Amino acid sequence: MKMADRYLRDAIRKHKVAILSTQAADEIDILHLADYLMGASPEEIVGGRSAPPEDGATEQDRAWFFKLFALRGIVESAERMCFFAYLQKTDENAW
């Protein structure tokens, strides 16, 4: 599927509407997400208390629920986007 179709770009432009979409992933690797996708350390994203240990992080330490919200629409004749990510530790004993 083309990204323009997936994110309804033609509908946004034609009808001048805003569209909210979400994408979720259960047990995404927080180290991969932080370093590779966000270019930041896990501590910067989730705080030192919640981040996995630097040495010897287990699979459970690295497993996080991730949900991305994307709001797209037309503002002052230009396409605008706003992203919000929600992260939650998947280990029920983490707190």
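The values are calculated or read from the model by the stated rules, or taken from the named source; none is laboratory data. From a predicted model like this one, the values you see are computed outputs, not experimental measurements. Every residue, glycine among them, receives a Cβ derived from its backbone with ideal geometry; neighbour counts consider all protein chains shown. Please note that ligands, DNA and RNA were not included when accessible areas were found on the heavy atoms of the full protein model with its side chains. Shrake-Rupley method; radii C 1.70, N 1.55, O 1.52, S 1.80 Å.
Quick notes on this one:
- Solvent accessible area, Å² - residue 14, 1.4 Å probe, full protein context: 150 Å²
- A Cα-only calculation for the chain places Rg and Dmax at 16.8, 51 Å.
- Per residue, in Å², the accessible surface of the chain once ligands and nucleic acids are set aside, probe 1.4 Å: 74 Å²
- Residue (of 85, 39, 8) at the positive-pole extreme of the chain, dipole from beta-carbon charges: 8
- Net charge dipole, the chain: roughly 980 debye, given to the nearest 20, about the Cα centre with Cβ charges of +1 for Lys and Arg and -1 for Asp and Glu.
- Relative contact order of the chain, defined on C-alpha pairs under 8 angstrom at six or more residues apart (%): 31 percent
- Charge dipole of the range 9-53 (Cα centre as origin; +1 on each Lys and Arg Cβ, -1 on each Asp and Glu Cβ, all else neutral): 560 debye, rounded to the nearest 20.
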